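Below: the structure, in structure tokens.
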Amino acid sequence: DTTFAAINGSSDNTNLTIKGGSNTMTLSGTHTVGTGSFTIESDATVDLGASDITATAFTHTGSGAVSWTDLNSSEVKTVTTGSGADTITAAVLTEDLTLSTGAGADTITIATNTSASKTYTINGGDGADILSISADSADLNNGTAFTMSNIETISMTAAVDTGITVGAALLSGKGIII
């Protein structure tokens, strides 16, 4: 196992690549590369936990599953993962977000409401992917655009007791289990 408690790029536009090989990668705390890109190459599990990652883009390549419980679109706007069975929770959606989870049976959780005038694009990739909604009240039609592809199931957790708003265009022509 390789653990990082804090990574601090010395200035904006710092691009960082961690070559993990077959080592499990665990990140905790705050990690920033400013306006640069943050890449982890690993065929083992990548546990981001509740890490705060500030970068223009976070990319994982490899077959290891990525687990992230605190994705914040104001800190990273583009997230791309490899072929593992990823579990990613979008905890803050105050800015645009493009999320692509690659191959694998991925679970993407929306734990907050979307923001007006923002664009959200979610691509589950190959595999049986789930969009799980755990926000008490969520409006997936709130932003400028909320698009998704390669999501086979939409589920709601017990925390949802107020309501979910979904635009017709999000579901039109798609074979989705709700």
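The values are calculated or read from the model by the stated rules, or taken from the named source; none is laboratory data. If you're wondering where the values come from, they're calculated on a predicted model, not measured in any experiment. Counting neighbours? That spans all protein chains shown, and the Cβs are built from the backbone with ideal geometry, glycine included. The accessibility values were calculated without ligands, DNA or RNA, using every heavy atom of the protein model including side chains. Shrake-Rupley method; radii C 1.70, N 1.55, O 1.52, S 1.80 Å.
When the chain is treated as a GNM with alpha-carbon contacts under 10 Å, the residue of G64, G29, G84 showing the greatest mean-square fluctuation is G29.
Per residue, the solvent-accessible area of region 63-158 (1.4 Å probe, heavy atoms of protein chains only, all protein chains present) comes to 35 Å². Amide H contacts of D139 (H built 1.01 Å from N, in plane; Pro and chain starts excluded): T114, T165 sit under 5 Å, all sequence-distant by 5 or more or on other chains. Only protein heavy atoms count here; under a 1.4 Å probe, K77 has an accessible surface of about 90 Å². Here the ratio of the Cα radius of gyration of the chain to 2.2 N^0.38 Å is 1.00. Taking only protein heavy atoms and a 1.4 Å probe, the accessible area of the chain is 49% carbon and sulfur. Which percentage, to the nearest 5, of the DSSP beta bridges contained in the chain is antiparallel? Antiparallel: roughly 0 percent of the beta bridges in the chain. Here the gap between S63 and V166, fully extended at 0.36 nm per residue and compared with their Cα-Cα distance, gives a gain of 33.9 nm. Taking amide H atoms as placed 1.01 Å from N in the peptide plane, the amide H of T78 lies under 5 Å from those of F58, T98, each 5 or more residues away in sequence or on another chain.
Our helix-only sum for the chain, with -39,500 (n - 2.57) per DSSP H run of n ≥ 4 divided by its residues, gives a mean residue ellipticity at 222 nm of -500 deg cm²/dmol.
Compared with the direct C-alpha span, the chain from V92 to T119 gains 8.4 nm at full extension, assuming 0.36 nm per residue. Ranking A116, N23, S132 by Cα position along the charge dipole of the chain, where only Lys, Arg, Asp and Glu carry charges on their C-beta atoms, puts A116 farthest toward the positive end.
Computed from point charges on the beta carbon alone (+1 for Lys and Arg, -1 for Asp and Glu), the dipole magnitude for region 1-142 about its Cα centre is near 200 Debye.
Residues in region 19-26 carry Karplus couplings, in order, of 9, x, x, 9, 8, 5, 10, 10 Hz; the curve used is 6.51 cos²θ - 1.76 cosθ + 1.60 with θ = phi - 60°, and Gly or Pro positions show x.
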